[in-house]
Amino acid sequence: MNSGNVLRFSVSDRINDVEIGPRQVPLTLLGEFQKDVLEFLRGSAREVDPTQVMVSIEPGSLAFVATGLAMAVSLWADLESLRLPDSLGLMDPRRAAVVERWQAAARQNPHRKYRVSESSVGIDFSVDASTAFARAEDEWVQVEKFVHGRVVDWGGRTKANVHLELEDGKMLVVAAAQDLILQEQQNRVYRTALLHITAEENLLSGALRNPRLLAFEAHQPVFDEDEFQQMVSRGTAAWSGFANATEWLEDLRGGAQ
């Protein structure tokens with residue numbers, strides 16, 4: 001198995017003084033654990049396709065081993081963040097919610113223990129009655145900024161918005177006034193765009209919430225040779241009266257003394 005491609009999820013508990021395992025596990029716990037593992041893998045961005053993930057059930061405690069995860073970038077980033085106790089505020093909110101549910105269940109069931117591990121990359125964290133993963137206090141500030149990405153959908157019958165796929169693969173849904181979309185001369189769907197937005201930004205994670213579109217900005221990501229030459233020509237003409245720019249600068253500095 002490839003490094004960084006496999007995750008082992010396990011839950012251990014004692015029910016009526018009997019260790020749970022693949023041959024004996026409460027139906028409700030089996031269903032809840034399977035749902036939690038799926039939600040943790042997918043996260044909010046749904047970057048993991050469950051149809052492409054293979055799972056084996058191992059003996060001992062109830063354990064699922066999921067493979068096919070090498071491209072799940074935010075999943076591995078969130079796992080790394082769990083090395084810190086105040087990490088839940090930095091994680092994908094769906095994954096953080098799973099960890100919080102596990103902590104709550106472990107505190108109600110003193111023998112309950114959840115574990116996620118991948119030994120080849122040093123991932124190994126447990127959740128039991130004694131753990132205290134928490135969310136650092138969120139601080140949100142109002143910002144105005146530019147975001148770049150690919151428009152995958154826009155419009156809406158009653159509430160207009162723009163679905164923007166960011167460069168890191170995450171999706172940002174930006175609220176928009178219908179007239180802003182109506183006045184656009186080109187269909188921007190499936191094309192890259194630069195959006196001028198207002199939003200609330202988390203000072204810890206950089207996450208954005210309540211984004212609202214101000215305008216589509218002109219965006220030209222490729223080098224324009226004609227425009228560059230025009231700039232060179234304007235600059236050359238502006239400096240044509242100075243034989244030596246360095247001497248002119250030195251004279252200017254001397255004159256300022």
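The values are calculated or read from the model by the stated rules, or taken from the named source; none is laboratory data. Just so you know, these numbers come straight off a predicted model, no measurement behind them. Note: ideal-geometry Cβ built from the backbone for every residue, glycine included; neighbour counts use all protein chains shown.
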Handout entry: Residues located in the stretch 2-53, provided they are closer than 17 Å to Asp124 by Cα, out of contact with any helix residue (DSSP H, G or I) (no Cβ under 7 Å at 6 or more places or on another chain) and among the hydrophobic types (A, V, I, L, M, F, W, C)
Key = Val6, Leu7, Val37
Handout entry: Criterion violated by Phe64 - all others in (1) closer than 17 Å to Ser126 by Cα; (2) within 24 Å of the chain's Cα centre (by Cα) satisfied
Key = (2)
Exercise for the section: Read through the list (1) without any contact (Cβ under 8 Å) to a residue 60 or more places away in the chain; (2) surrounded by fewer than 13 Cβ atoms within 10 Å (Cβ to Cβ), then give the number of the only condition that Leu194 fails. Expected result: (2)
Practice task
Report yes if Thr246 is in contact with a Lys or Arg (Cβ under 7 Å, 6 or more places away or on another chain) and either at pLDDT 70 or above or of a type in the set (Val, Ile, Thr) (or both), otherwise no.
Solution key: no
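Residue under question is Ala96, and the condition is that it be of a type in the set (A, V, I, L, M, F, W, C) and closer than 26 Å to Gln34 by Cβ; does it hold? First the steps, then the outcome.
Values: of a type in the set (A, V, I, L, M, F, W, C): yes; closer than 26 Å to Gln34 by Cβ: yes.
Criteria met by Ala96.
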Completion exercise
Filtering the stretch 104-125 down to residues that are over 23 Å from the mean Cα position of the chain (by Cα) and of a type in the set (S, T, N, Q) yields Gln108, Asn109, Ser119, Ser120
